[in-house]
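**Q** Let me begin by handing over the structure; questions about it come next.
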Protein chains: 2
Amino acid sequence: MKDTQLVEALRDAVGSQWVLDAEVDRTVYAYDASPRHRALPDVVVLPASTGEVQAVVRLAAERGVPVVPRGQATNLSGGTVPAEGGIVLSLNRMNRFLELDRENLTATVEPGVITAELHRRVEAEGLFYPPDPGSVAVSTLGGNVAENAGGLRGLKYGVTGDYVIGLEAVLPDGDRIVTGGKNVKDVAGYDLTQLLVGSEGTLGIVTRITVRLLPLPAHRQVALAVYHDLEQAARSVERIIAGRIIPATLEFLDRGTIEAVEAFAHVGLPTDAEALLLLAQDGPEEQVARDVAAAAAICREEGAVRVEVGRTPEEGDRLMAARRAALSALARMRPTTILEDATVPRSRLVEMLRAIQGAAARHRLTICTFGHAGDGNLHPTCLTDERDEEEAERVEAAFEEIFRAAIELGGTITGEHGVGLSKREYLEWKLGPAGVAVMTAIKDALDPRHLLNPGKIFPRSTPRRLVVRQG
Amino acid sequence: MKDTQLVEALRDAVGSQWVLDAEVDRTVYAYDASPRHRALPDVVVLPASTGEVQAVVRLAAERGVPVVPRGQATNLSGGTVPAEGGIVLSLNRMNRFLELDRENLTATVEPGVITAELHRRVEAEGLFYPPDPGSVAVSTLGGNVAENAGGLRGLKYGVTGDYVIGLEAVLPDGDRIVTGGKNVKDVAGYDLTQLLVGSEGTLGIVTRITVRLLPLPAHRQVALAVYHDLEQAARSVERIIAGRIIPATLEFLDRGTIEAVEAFAHVGLPTDAEALLLLAQDGPEEQVARDVAAAAAICREEGAVRVEVGRTPEEGDRLMAARRAALSALARMRPTTILEDATVPRSRLVEMLRAIQGAAARHRLTICTFGHAGDGNLHPTCLTDERDEEEAERVEAAFEEIFRAAIELGGTITGEHGVGLSKREYLEWKLGPAGVAVMTAIKDALDPRHLLNPGKIFPRSTPRRLVVRQG
């Protein structure tokens with residue numbers, strides 16, 4: 001259905017060249033980095049300012065047309081797929097770095113700024129923005145905020161939401177709100193900033209972001225531990241944390257991932273290993289040395305056949321880059337790569353790894369696992385072919401078992417990828433009916449007609465409730 | 001109005017001795033630590049379990065009676081005053097320390113646990129729960145969560161909400177939800193944990209709290225800088241932060257506060273000083289020494305007439321205890337002490353201090369100022385007599401000017417005390433009409449009859465909207 005009036009009005013609002021309605025253009029915006037979801041938008045709009053975003057949202061609201069905000073669409077849960085058609089609103093033109101406040105240690109950016117660009121800008125001044133999702137080189141701050149992106153430094157430093165202290169957002173009716181600011185403490189009413197973070201574009205469209213920064217740590221060291229036994233690696237993680245060592249990064253790779261990464265990146269990973277741990281610590285030199293030595297000792301006690309401490313920063317960077325290549329490396333193996341992010345409390349890692357291996361074996365699937373072991377945030381990654389319907393059913397069944405195991409171990413269905421379309425049927429497993437009802441009530445209250453990113457987060461079976469406001 | 005049926009039903013639900021309806025008992029629950037608000041509840045209930053809380057809330061919901069959750073009522077914004085009567089629900093009997101998880105570094109407590117007790121329990125195991133509101137010795141974790149309490153270590157470590165990772169709460173209809181858990185990363189839907197934190201008991205009654213813990217820092221050092229000029233002290237704070245030094249604590253006391261504290265606590269503070277900075281740093285020994293030395297050098301450069309670095313931990317503790325005594329010390333001076341918490345970005349401290357002094361002079365009031373300077377979180381404290389109506393009007397006018405100045409400087413109306421009854425008329429200054437409308441919509445969606453802690457946060461003038469749900 002093409003609404004030529006709407007397209008004309010959008011052209012008036014943002015300029016002709018920033019409204020795309022040819023099929024070839026719309027096809028580009030029909031998917032994101034999740035393999036299983038695709039849907040064609042009716043039209044794509046690229047506004048350049050908050051005012052233009054407001055104009056687009058108001059036009060959509062007048063006509064009851066869905067609006068799906070989108071950054072670089074690197075998300076892995078179908079969050080930016082226009083499941084119910086409508087307008088895809090790309091924020092990529094809003095990519096100005098607005099301010100680096102050296103006195104308050106904050107940065108303010110538009111949502112289209114690439115995360116790695118923010119890193120470069122602040123690190124050049126001796127400052128530090130810790131969140132670094134795997135997609136850091138291409139993903140945008142706006143997308144990171146919408147998904148509450150995690151990454152490799154979550155263990156010590158937390159995730160995107162831990163650094164967002166102020167937002168500007170456009171609401172479903174086109175109104176603009178400003179939440180938080182540059183204040184370290186601010187309790188003026190409900191925490192709308194954190195409500196918007198991770199709301200996957202379903203409550204508002206974020207148009208400006210203020211993040212707090214830290215001083216850049218003075219030193220950094222990377223270590224690699226090699227195991228012939230998966231569970232020894234997982235136990236090492238548990239013991240490091242329980243030993244009160246909080247590394248910046250503590251990553252895990254299983255045999256399948258190691259082989260794929262080595263074939264892809266040729267960094268000299270030991271392809272005969274069953275598991276690797278990659279550990280990074282940063283901070284004052286003395287503490288880094290102490291922590292890395294203590295963690296290495298634990299790894300050896302737990303049975304690591306080799307522990308290598310990076311001799312130079314470059315060697316460390318090379319190892320971390322190899323870990324970052326895991327998804328790309330695995331994606332080369334078979335036509336479809338399904339990367340999940342079941343997450344458990346750190347003390348349940350061994351059990352979770354066993355559950356993943358069991359599910360893969362039972363359903364005759366190749367599932368490689370890597371991830372942020374220190375966070376309990378694993379990425380079981382199924383190498384499959386979505387065109388094979390019989391195999392696709394086994395994949396579905398295996399992941400259901402994996403999510404159920406995560407919940408039973410006190411974990412969650414998604415640690416950092418979001419619910420989107422991929423996990424909405426599992427949401428109630430984590431939250432229970434009362435939890436889903438509260439979230440639905442919030443969605444209904446702020447977006448009663450479900451125009452912002454419809455179909456995301458909430459199970460399809462949830463009946464929409466009609467909210468009538470009076471007075 | 002006494003509803004004897006309700007009282008009987010409450011007695012059945014929680015046991016006779018835990019339902020108080022005599023006037024003498026109800027009077028005890030008519031106020032909190034804010035001087036200007038008082039209201040008698042109809043009945044006071046002290047449930048012992050989540051199930052009993054649910055039963056009380058259901059009885060209240062059936063009858064349309066307000067429920068006001070309450071811990072130790074140390075809050076400073078009228079948040080626990082039963083402004084519209086009804087049931088005061090004390091959570092003080094739910095004070096069990098449920099679990100210290102040494103593997104995942106979390107603690108789980110009931111809301112009635114005293115914050116200092118949590119500190120003692122976890123520090124005995126070499127762990128650390130950083131939030132430490134001024135009221136730490138008497139306030140409860142439940143109250144800290146409801147108000148998103150800050151404290152003296154916010155600069156480096158953040159506030160209560162930064163440590164809460166899981167909650168159990170009873171909703172206005174008596175349903176129970178469980179949010180978050182022990183997972184470091186969890187993005188399954190909206191962040192209900194952080195929505196409940198700081199919601200001042202208006203969205204749900206928190207019945208169980210899981211907080212994450214850090215390893216206890218190995219070392220700690222306290223330093224004191226003495227100034228003959230207020231602005232030199234404020235500039236020192238700005239320069240320390242801009243110099244990339246993030247102390248655990250960076251407190252400010254003006255002359256009036258110094259005099260009051262010294263008269264109260266006799267710790268040897270220099271009563272001829274115009275201002276003091278009290279700095280504490282913790283962490284690895286080398287870093288603590290470096291940071292304290294660097295900060296001390298900045299203080300001297302900015303004109304401190306004396307900088308003393310605590311020689312022993314006991315000396316440090318004594319100085320910090322003196323700072324903690326500031327409110328008690330000031331409260332002895334005149335019949336009424338009004339402690340506010342206007343907060344600005346750290347780089348605006350000098351301007352904010354000038355605005356406070358200007359307002360005090362213009363309205364002929366005694367306003368002493370101390371607070372968490374490193375957070376931009378100041379506590380201008382008016383020493384007055386609420387029985388003097390003419391003076392009370394001047395106090396009101398002065399604080400209006402102070403809040404307006406905070407907003408104009410990019411600050412907020414409350415950094416850590418909450419909105420409650422005290423600041424509800426100023427909420428829109430910070431949030432704008434659209435921000436207040438979003439918060440009101442959330443309140444209406446989750447508590448359509450405004451039964452949980454009614455009258456708090458939202459301006460009296462906000463018309464209640466009737467929400468009718470269908471389907």
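**Q** Tell me which strands (runs of 3 or more DSSP E) are completely within the stretch B:4-91 and hold 2 or more residues being aliphatic (A, V, I, L, M) and touching a Gly at 6+ places or on another chain (Cβ under 8 Å), or say none if there are none.
**A** Correct list: B:67-70.
**Q** Could you list all residues from the stretch B:388-401 that are surrounded by 16 or more Cβ atoms within 10 Å (Cβ to Cβ) and either out of contact with any strand residue (DSSP E or B) (no Cβ under 6 Å at 6 or more places or on another chain) or without any contact (Cβ under 8 Å) to a residue 12 or more places away in the chain (or both)?
**A** Passing the criteria: B:392, B:394, B:398, B:399, B:401.
**Q** Next up: Right, residue A:362: surrounded by fewer than 18 Cβ atoms within 10 Å (Cβ to Cβ), among the basic types (Lys, Arg) and more than 26 Å from residue A:245 (Cα to Cα) or not?
**A** yes
Residues checked against (1) under 30 Å from residue A:54 (Cα atoms); (2) crowded, with 21+ Cβ neighbours inside 10 Å; (3) of a type outside the set (A, V, I, L, M); (4) modelled with pLDDT under 95:
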| residue | (1), (2), (3), (4) |
| --- | --- |
| A:405 | no, no, no, no |
| A:410 | no, no, yes, no |
| A:425 | no, no, yes, yes |
| A:434 | no, no, no, no |
| A:438 | yes, yes, no, no |
| A:443 | yes, yes, yes, no |
| A:451 | yes, yes, no, no |
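**Q** Moving on to the next point. Right, residue A:226: at pLDDT 95 or above and of a type in the set (A, V, I, L, M) or not?
**A** Considered against the rule, which asks whether it is at pLDDT 95 or above and of a type in the set (A, V, I, L, M), residue A:226 comes out as yes.
**Q** Would you be able to tell me the number of residues in the stretch B:342-357 that are more than 14 Å from chain A (Cβ to nearest Cβ) and of a type in the set (Val, Ile, Thr)? Spell out the reasoning first.
**A** Let us first name the residues in the stretch B:342-357 that are more than 14 Å from chain A (Cβ to nearest Cβ), namely B:353-357.
Checking the rest, the ones that are also of a type in the set (Val, Ile, Thr) come to B:356.
Within the stretch B:342-357, residues that are more than 14 Å from chain A (Cβ to nearest Cβ) and of a type in the set (Val, Ile, Thr) number 1.
**Q** Another question, then. Could you list, in sequence order, all residues of the stretch B:147-160 that are surrounded by 24 or more Cβ atoms within 10 Å (Cβ to Cβ) and within 10 Å of another protein chain (Cβ to nearest Cβ)?
**A** B:147, B:148, B:149, B:150, B:151, B:154, B:155, B:159, B:160
**Q** Return yes or no: is residue B:342 of a type in the set (Gly, Ala, Ser) and either out of contact with any Pro (no Cβ under 8 Å at 6 or more places or on another chain) or in the same structural domain as residue B:248 (by the TED database) (or both)?
**A** Here the answer is no, as residue B:342 does not meet what is asked.
**Q** Another question, then. Check A:351, A:314, A:286 and return the single one that is surrounded by 15 or more Cβ atoms within 10 Å (Cβ to Cβ), of a type in the set (Asp, Glu), assigned to a helix (DSSP H, G or I) and more than 23 Å from the chain's Cα centre (by Cα).
**A** A:351
**Q** Give just the number: which of (1) at the interface with chain B (Cβ under 9 Å from one of its Cβ atoms); (2) under 21 Å from the mean Cα position of the chain (by Cα) does residue A:421 not satisfy?
**A** If we test residue A:421 against (1) at the interface with chain B (Cβ under 9 Å from one of its Cβ atoms); (2) under 21 Å from the mean Cα position of the chain (by Cα), just (1) comes out false.
Okay, residues lined up against (1) within 14 Å of another protein chain (Cβ to nearest Cβ); (2) at pLDDT 95 or above:
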| residue | (1), (2) |
| --- | --- |
| A:277 | no, yes |
| A:299 | no, yes |
| A:310 | no, no |
| A:313 | no, no |
| A:319 | no, no |
| A:322 | no, no |
| A:335 | no, no |
| A:340 | yes, no |
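**Q** Find the residue count for the stretch B:186-219, including only residues that are within 11 Å of another protein chain (Cβ to nearest Cβ), buried (at least 24 other Cβ atoms within 10 Å of the Cβ) and over 15 Å from residue A:190 (Cα atoms).
**A** Matching residues across the stretch B:186-219 total 5.
**Q** What about residue B:222, is it away from chain A (no Cβ under 11 Å), in a strand (DSSP E or B) and β-branched (Val, Ile, Thr)? Full working, then the answer.
**A** Working: away from chain A (no Cβ under 11 Å): yes; in a strand (DSSP E or B): yes; β-branched (Val, Ile, Thr): yes.
Answer is yes for this residue.
**Q** Can residue A:169 be described as of a type in the set (A, V, I, L, M), buried (at least 24 other Cβ atoms within 10 Å of the Cβ), touching a helix residue (DSSP H, G or I) at 6+ places or on another chain (Cβ under 8 Å) and assigned to a strand (DSSP E or B)?
**A** The answer is yes for residue A:169.
The values are calculated or read from the model by the stated rules, or taken from the named source; none is laboratory data. Bear in mind that the values here come from a model prediction, so they are computed numbers and not experimental data. Neighbour counts are summed over all protein chains in view; Cβ atoms, including those assigned to glycine, are modelled from backbone coordinates with ideal geometry.
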